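Student: Below you will find the structure I want to go over with you.
The values are calculated or read from the model by the stated rules, or taken from the named source; none is laboratory data. Computed from a predicted model, the values in this text were never measured in an experiment. Cβ atoms come from the backbone with ideal geometry, glycine included; neighbour counts cover every protein chain shown. These area figures cover heavy atoms from the full protein model, side chains too; ligands, DNA and RNA do not enter into them. Shrake-Rupley method; radii C 1.70, N 1.55, O 1.52, S 1.80 Å.
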Amino acid sequence: MTNYLLFSSTVLIWGTTWIAIALQIGPVPVLVSVFYRFAAAALILVGALILTRRMKVPPLRQQPFILAQALCLFCCNFLCFYYAAAYVPSGLISVVFSLATIFNAINARIFFGDRVSPRTLLAAMLGATGLVLLFGPDIFVAFNPDSWKGIGLSALGTMFFSLGNMASRRNSAAGISPVTANAWGMSYGALTLLGLVLITATPVVMPPDITYLGALLYLSVVGSVVGFTTYLMLVSRIGSQKAAYATVLFPVVALTLSSIYEDYRWTAISVAGLLLTLAGNVVMFVRLPIRAKAIGAEPGRA
(Lines give C-alpha, C1' and ligand atoms only; values in the text may rest on other atoms or scores of the structure.)
Protein backbone atom coordinates (compact mmCIF):
# COMPACT_ATOMS: atom_id res chain seq x y z
CA MET A 1 0.00 0.00 0.00
CA THR A 2 2.88 2.36 0.81
CA ASN A 3 4.43 1.78 -2.61
CA TYR A 4 1.14 2.63 -4.35
CA LEU A 5 0.81 5.83 -2.34
CA LEU A 6 4.38 6.88 -3.14
CA PHE A 7 3.87 6.04 -6.81
CA SER A 8 0.59 7.94 -7.23
CA SER A 9 1.95 10.95 -5.32
CA THR A 10 5.01 11.09 -7.57
CA VAL A 11 2.87 10.94 -10.73
CA LEU A 12 0.50 13.69 -9.62
CA ILE A 13 3.27 15.96 -8.34
CA TRP A 14 5.74 15.64 -11.18
CA GLY A 15 3.01 15.52 -13.79
CA THR A 16 2.10 19.10 -12.82
CA THR A 17 5.56 20.61 -12.24
CA TRP A 18 6.24 21.04 -15.95
CA ILE A 19 3.64 23.74 -16.36
CA ALA A 20 4.98 25.49 -13.26
CA ILE A 21 8.45 25.49 -14.84
CA ALA A 22 6.99 27.08 -17.97
CA LEU A 23 5.45 29.82 -15.81
CA GLN A 24 8.93 30.77 -14.57
CA ILE A 25 10.39 31.30 -18.03
CA GLY A 26 10.70 35.01 -18.71
CA PRO A 27 12.48 37.97 -17.15
CA VAL A 28 14.30 35.94 -14.48
CA PRO A 29 17.39 34.15 -15.92
CA VAL A 30 17.19 30.36 -15.86
CA LEU A 31 20.23 30.03 -13.59
CA VAL A 32 18.62 32.32 -11.05
CA SER A 33 15.23 30.59 -11.25
CA VAL A 34 16.74 27.15 -10.63
CA PHE A 35 18.83 28.61 -7.79
CA TYR A 36 15.74 30.16 -6.19
CA ARG A 37 13.95 26.80 -6.41
CA PHE A 38 16.60 24.67 -4.73
CA ALA A 39 17.76 27.30 -2.27
CA ALA A 40 14.18 27.55 -0.98
CA ALA A 41 13.75 23.77 -1.04
CA ALA A 42 17.01 23.22 0.85
CA LEU A 43 16.11 25.79 3.51
CA ILE A 44 12.68 24.20 4.03
CA LEU A 45 13.91 20.60 4.15
CA VAL A 46 17.01 21.24 6.25
CA GLY A 47 15.02 23.46 8.62
CA ALA A 48 12.35 20.79 9.05
CA LEU A 49 14.96 18.09 9.76
CA ILE A 50 16.73 20.29 12.30
CA LEU A 51 13.48 21.13 14.08
CA THR A 52 12.49 17.46 14.24
CA ARG A 53 16.06 16.46 15.23
CA ARG A 54 16.35 14.18 12.22
CA MET A 55 19.19 16.00 10.50
CA LYS A 56 22.11 13.63 10.04
CA VAL A 57 25.63 14.18 8.77
CA PRO A 58 26.71 11.44 6.34
CA PRO A 59 30.30 10.20 6.72
CA LEU A 60 32.93 12.14 4.80
CA ARG A 61 33.60 9.18 2.50
CA GLN A 62 29.95 9.34 1.33
CA GLN A 63 29.97 13.05 0.53
CA PRO A 64 31.36 12.76 -3.04
CA PHE A 65 28.47 10.44 -3.95
CA ILE A 66 25.92 12.81 -2.43
CA LEU A 67 27.56 15.63 -4.42
CA ALA A 68 27.20 13.53 -7.59
CA GLN A 69 23.51 13.04 -6.80
CA ALA A 70 23.16 16.77 -6.16
CA LEU A 71 24.74 17.82 -9.46
CA CYS A 72 22.60 15.39 -11.46
CA LEU A 73 19.25 15.75 -9.69
CA PHE A 74 19.28 19.27 -8.24
CA CYS A 75 21.33 21.26 -10.72
CA CYS A 76 22.32 20.13 -14.22
CA ASN A 77 19.12 18.30 -15.15
CA PHE A 78 16.87 21.22 -14.25
CA LEU A 79 19.04 23.72 -16.06
CA CYS A 80 18.43 21.63 -19.17
CA PHE A 81 14.67 21.35 -18.56
CA TYR A 82 14.24 25.06 -17.84
CA TYR A 83 16.14 26.04 -20.99
CA ALA A 84 14.14 23.49 -22.99
CA ALA A 85 10.88 25.10 -21.79
CA ALA A 86 11.81 28.20 -23.77
CA TYR A 87 11.74 26.21 -27.01
CA VAL A 88 8.97 23.59 -26.77
CA PRO A 89 5.73 23.18 -24.78
CA SER A 90 6.22 21.83 -21.27
CA GLY A 91 4.04 18.81 -21.99
CA LEU A 92 6.39 17.67 -24.75
CA ILE A 93 9.36 17.94 -22.40
CA SER A 94 7.58 15.51 -20.10
CA VAL A 95 7.25 13.05 -23.00
CA VAL A 96 11.01 13.06 -23.55
CA PHE A 97 11.50 12.78 -19.78
CA SER A 98 9.28 9.68 -19.73
CA LEU A 99 12.11 7.87 -21.53
CA ALA A 100 13.94 7.88 -18.19
CA THR A 101 12.79 4.26 -17.91
CA ILE A 102 15.07 3.37 -20.81
CA PHE A 103 17.93 5.58 -19.64
CA ASN A 104 17.73 3.92 -16.22
CA ALA A 105 17.83 0.42 -17.68
CA ILE A 106 20.96 1.23 -19.70
CA ASN A 107 22.71 3.05 -16.87
CA ALA A 108 21.85 0.29 -14.40
CA ARG A 109 23.64 -2.08 -16.77
CA ILE A 110 26.68 0.18 -16.92
CA PHE A 111 26.97 0.94 -13.21
CA PHE A 112 25.44 -2.10 -11.52
CA GLY A 113 25.65 -4.87 -14.09
CA ASP A 114 21.88 -5.27 -14.44
CA ARG A 115 20.86 -7.21 -17.53
CA VAL A 116 19.60 -5.26 -20.56
CA SER A 117 16.82 -7.39 -22.01
CA PRO A 118 15.46 -7.44 -25.57
CA ARG A 119 12.40 -5.64 -24.23
CA THR A 120 14.64 -2.65 -23.49
CA LEU A 121 15.65 -2.47 -27.15
CA LEU A 122 12.02 -2.79 -28.26
CA ALA A 123 11.00 -0.09 -25.79
CA ALA A 124 13.74 2.20 -27.12
CA MET A 125 12.54 1.69 -30.71
CA LEU A 126 8.94 2.44 -29.79
CA GLY A 127 9.92 5.48 -27.77
CA ALA A 128 12.15 6.89 -30.51
CA THR A 129 9.43 6.35 -33.13
CA GLY A 130 6.92 8.12 -30.89
CA LEU A 131 9.21 11.13 -30.48
CA VAL A 132 9.71 11.34 -34.24
CA LEU A 133 5.94 11.50 -34.72
CA LEU A 134 5.53 14.08 -31.94
CA PHE A 135 8.30 16.40 -33.10
CA GLY A 136 8.56 15.35 -36.77
CA PRO A 137 6.33 18.09 -38.26
CA ASP A 138 8.47 20.82 -36.68
CA ILE A 139 11.80 19.13 -37.36
CA PHE A 140 11.39 17.65 -40.82
CA VAL A 141 8.61 19.77 -42.34
CA ALA A 142 8.89 23.24 -40.82
CA PHE A 143 12.63 22.83 -40.06
CA ASN A 144 12.16 24.57 -36.73
CA PRO A 145 15.57 24.70 -34.97
CA ASP A 146 13.86 25.43 -31.66
CA SER A 147 12.40 21.93 -31.65
CA TRP A 148 15.88 20.44 -32.05
CA LYS A 149 17.11 22.53 -29.15
CA GLY A 150 14.13 21.55 -27.00
CA ILE A 151 14.56 17.83 -27.72
CA GLY A 152 18.32 17.90 -27.17
CA LEU A 153 18.09 19.78 -23.88
CA SER A 154 15.23 17.55 -22.66
CA ALA A 155 17.19 14.40 -23.52
CA LEU A 156 20.31 15.72 -21.80
CA GLY A 157 18.28 16.63 -18.73
CA THR A 158 16.80 13.14 -18.68
CA MET A 159 20.28 11.63 -18.86
CA PHE A 160 21.37 13.71 -15.86
CA PHE A 161 18.20 12.63 -14.03
CA SER A 162 19.00 8.98 -14.73
CA LEU A 163 22.58 9.36 -13.53
CA GLY A 164 21.18 10.94 -10.37
CA ASN A 165 19.01 7.85 -9.95
CA MET A 166 22.12 5.69 -10.08
CA ALA A 167 23.81 7.84 -7.45
CA SER A 168 20.67 7.68 -5.28
CA ARG A 169 20.53 3.90 -5.63
CA ARG A 170 24.14 3.67 -4.55
CA ASN A 171 23.60 6.05 -1.61
CA SER A 172 20.53 4.14 -0.42
CA ALA A 173 22.52 0.91 -0.53
CA ALA A 174 25.16 2.63 1.61
CA GLY A 175 22.53 3.32 4.27
CA ILE A 176 21.85 7.01 3.51
CA SER A 177 18.12 7.71 3.67
CA PRO A 178 16.48 9.59 0.78
CA VAL A 179 15.50 12.45 3.09
CA THR A 180 19.09 12.91 4.30
CA ALA A 181 20.48 12.64 0.77
CA ASN A 182 17.92 15.17 -0.46
CA ALA A 183 18.68 17.67 2.30
CA TRP A 184 22.39 17.61 1.62
CA GLY A 185 21.93 17.24 -2.13
CA MET A 186 19.63 20.24 -2.47
CA SER A 187 22.03 22.30 -0.37
CA TYR A 188 24.96 21.32 -2.58
CA GLY A 189 22.86 21.94 -5.69
CA ALA A 190 21.86 25.43 -4.52
CA LEU A 191 25.46 26.33 -3.66
CA THR A 192 26.65 25.10 -7.05
CA LEU A 193 23.98 27.15 -8.80
CA LEU A 194 24.91 30.22 -6.75
CA GLY A 195 28.53 29.72 -7.77
CA LEU A 196 27.50 29.56 -11.44
CA VAL A 197 25.44 32.75 -11.04
CA LEU A 198 28.48 34.56 -9.62
CA ILE A 199 31.01 33.14 -12.10
CA THR A 200 28.86 33.99 -15.12
CA ALA A 201 27.85 37.38 -13.69
CA THR A 202 24.22 36.48 -14.31
CA PRO A 203 21.95 39.32 -13.13
CA VAL A 204 19.93 38.40 -10.06
CA VAL A 205 16.38 39.44 -10.93
CA MET A 206 13.80 39.41 -8.17
CA PRO A 207 10.54 37.46 -8.70
CA PRO A 208 8.45 39.77 -10.92
CA ASP A 209 4.88 38.85 -9.97
CA ILE A 210 2.56 36.63 -7.96
CA THR A 211 2.40 34.02 -10.76
CA TYR A 212 6.15 33.52 -10.62
CA LEU A 213 6.14 33.39 -6.83
CA GLY A 214 3.31 30.85 -6.80
CA ALA A 215 5.15 28.64 -9.30
CA LEU A 216 8.36 28.98 -7.27
CA LEU A 217 6.62 28.00 -4.03
CA TYR A 218 4.94 25.01 -5.69
CA LEU A 219 8.19 23.82 -7.30
CA SER A 220 10.23 24.30 -4.12
CA VAL A 221 7.88 22.71 -1.60
CA VAL A 222 5.73 20.25 -3.54
CA GLY A 223 7.85 19.56 -6.61
CA SER A 224 11.23 19.38 -4.87
CA VAL A 225 10.90 18.60 -1.16
CA VAL A 226 7.85 16.32 -1.38
CA GLY A 227 8.29 15.08 -4.95
CA PHE A 228 11.93 14.06 -4.74
CA THR A 229 11.47 12.51 -1.31
CA THR A 230 8.58 10.32 -2.45
CA TYR A 231 10.37 9.37 -5.67
CA LEU A 232 13.69 8.47 -4.06
CA MET A 233 11.87 6.53 -1.35
CA LEU A 234 10.26 4.62 -4.21
CA VAL A 235 13.71 4.03 -5.76
CA SER A 236 15.04 2.65 -2.48
CA ARG A 237 11.99 0.38 -2.05
CA ILE A 238 11.43 -1.03 -5.54
CA GLY A 239 14.52 -0.09 -7.58
CA SER A 240 15.32 2.62 -10.11
CA GLN A 241 13.78 0.87 -13.13
CA LYS A 242 10.37 0.24 -11.57
CA ALA A 243 10.32 3.65 -9.86
CA ALA A 244 10.95 5.32 -13.22
CA TYR A 245 7.72 3.74 -14.45
CA ALA A 246 6.01 6.71 -12.79
CA THR A 247 7.44 8.84 -15.59
CA VAL A 248 5.27 6.92 -18.05
CA LEU A 249 2.18 8.66 -16.70
CA PHE A 250 3.68 12.16 -16.44
CA PRO A 251 2.93 13.11 -20.06
CA VAL A 252 -0.77 12.36 -19.66
CA VAL A 253 -1.02 14.90 -16.85
CA ALA A 254 1.48 17.36 -18.33
CA LEU A 255 0.04 17.41 -21.85
CA THR A 256 -3.46 17.89 -20.47
CA LEU A 257 -2.29 20.99 -18.61
CA SER A 258 -0.27 22.11 -21.63
CA SER A 259 -3.43 21.92 -23.77
CA ILE A 260 -5.26 24.14 -21.29
CA TYR A 261 -2.60 26.70 -20.43
CA GLU A 262 -0.17 26.66 -23.37
CA ASP A 263 -2.68 26.07 -26.16
CA TYR A 264 -0.96 22.86 -27.22
CA ARG A 265 -2.80 21.52 -30.29
CA TRP A 266 -3.40 17.81 -30.64
CA THR A 267 -3.28 16.12 -34.05
CA ALA A 268 -3.73 12.51 -35.10
CA ILE A 269 0.04 12.22 -35.56
CA SER A 270 0.84 13.69 -32.12
CA VAL A 271 -1.66 11.34 -30.46
CA ALA A 272 -0.05 8.38 -32.24
CA GLY A 273 3.38 9.62 -31.17
CA LEU A 274 2.34 9.92 -27.54
CA LEU A 275 0.78 6.45 -27.55
CA LEU A 276 3.92 4.91 -29.07
CA THR A 277 6.18 6.64 -26.56
CA LEU A 278 4.00 5.47 -23.66
CA ALA A 279 3.88 1.99 -25.17
CA GLY A 280 7.67 1.92 -25.21
CA ASN A 281 7.69 2.61 -21.49
CA VAL A 282 4.96 0.07 -20.75
CA VAL A 283 6.94 -2.62 -22.60
CA MET A 284 9.71 -2.08 -20.06
CA PHE A 285 7.55 -3.32 -17.21
CA VAL A 286 4.86 -5.68 -18.47
CA ARG A 287 5.91 -9.14 -17.39
CA LEU A 288 3.88 -12.31 -17.75
CA PRO A 289 3.42 -13.92 -14.30
CA ILE A 290 3.85 -17.40 -15.79
CA ARG A 291 7.24 -16.53 -17.25
CA ALA A 292 8.36 -14.84 -14.06
CA LYS A 293 7.33 -17.86 -12.03
CA ALA A 294 8.97 -20.26 -14.45
CA ILE A 295 12.38 -18.65 -14.08
CA GLY A 296 11.97 -18.13 -10.36
CA ALA A 297 11.94 -14.38 -10.60
CA GLU A 298 11.95 -12.55 -7.32
CA PRO A 299 8.65 -10.71 -6.76
CA GLY A 300 8.90 -6.96 -7.23
CA ARG A 301 12.09 -7.02 -9.29
CA ALA A 302 12.38 -6.11 -12.96
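Student: Applying 1/(1 + (r/R0)^6) with R0 = 35 Å to the Cβ-Cβ distance of I260 and A201, what FRET efficiency is obtained, to the nearest 0.05?
Tutor: 0.40
Student: What residue among L43, L79, L234 shows peak mean-square fluctuation when the chain is described by a Gaussian network model with Cα springs under 10 Å?
Tutor: Answer for the Gaussian network model of the chain: L43.
Student: Is the shape of the range 2-101 rounded, prolate or oblate, going by the alpha carbon gyration tensor and its root eigenvalues a ≥ b ≥ c, with a/c under 1.5 for rounded and a/b larger than b/c for prolate?
Tutor: Numbers: a/c = 1.77, a/b = 1.44, b/c = 1.23.
Because a/c hits 1.5 or more and a/b exceeds b/c, the range 2-101 counts as prolate.
Student: Additional query: Identify which of A190, A272, A85 has the largest mean-square fluctuation in a Gaussian network model of the chain, with springs joining Cα atoms closer than 10 Å.
Tutor: Greatest mean-square fluctuation among the candidates belongs to A272.
Student: Taking a ≥ b ≥ c as the square roots of the Cα gyration tensor eigenvalues, with a/c under 1.5 meaning rounded and otherwise prolate when a/b beats b/c, else oblate, which class fits the range 16-59?
Tutor: Prolate.
Student: Oh, and also: Per the 1.4 Å probe, what fraction of the accessible area of the chain, in percent, lies on carbon and sulfur atoms?
Tutor: 72
Student: Then there's this: Please give the Cα centre distance for the range 173-215 versus the range 13-49, rounded to the nearest Å.
Tutor: With the range 173-215 and the range 13-49 each reduced to a Cα centre, they are spaced 7 Å.
Student: Using Cα springs under 10 Å in a Gaussian network model of the chain, which residue among P59, P251, P178 shows the largest mean-square fluctuation?
Tutor: Top of the fluctuation ranking is P59.
Student: Another one. Please give the calculated 222 nm ellipticity per residue for the chain, where each DSSP H segment of at least 4 residues contributes -39500 (n - 2.57) and the sum is spread over every residue; nearest 500 deg cm²/dmol?
Tutor: The helix-only estimate for the chain comes to -23000 deg cm²/dmol at 222 nm.
Student: Further question on the same structure: Of the peptides 179-186, 86-93, 8-15, how do they stack up when ordered by the mean number of other Cβ atoms within 10 Å, highest first?
Tutor: Taking the mean over residues of other Cβ atoms within 10 Å, the ranking is 179-186, 86-93, 8-15.
Student: Which value, in debye to the nearest 20, describes the size of the charge dipole of the chain about its Cα centre when Lys and Arg Cβ atoms bear +1, Asp and Glu Cβ atoms bear -1, and nothing else is charged?
Tutor: Dipole size: approximately 1260 debye.
Student: What full-extension length gain, to one decimal in nm, is calculated for V46 and F111 as 0.36 nm per residue of separation minus the Cα-Cα distance?
Tutor: Extending this stretch completely gives an extra 20.4 nm.
Student: Which entry is the computed volume of the Cα convex hull per residue in Å³ for this structure: (1) 142; (2) 176; (3) 122?
Tutor: Label (1) holds the value from this structure.
Student: Would you please give the FRET efficiency between A272 and T211, computed as 1/(1 + (r/R0)^6) with r the Cβ-Cβ distance and R0 = 45 Å, to the nearest 0.05?
Tutor: Taking R0 as 45 Å, the efficiency between A272 and T211 is 0.85.
Student: Assuming R0 = 22 Å, can you tell me the calculated FRET efficiency for the pair R119 and T2, based on Cβ-Cβ distance, to the nearest 0.05?
Tutor: Working from the Cβ atoms, E equals 0.20.
Student: On average, how much accessible surface per residue is there in the range 70-128, in Å², for a 1.4 Å probe, leaving out ligands, DNA and RNA? Before the final figure, lay out the partial values.
Tutor: Values: 2100 Å² over 59 residues.
Ligands and nucleic acids excluded, the figure is 36 Å² per residue.
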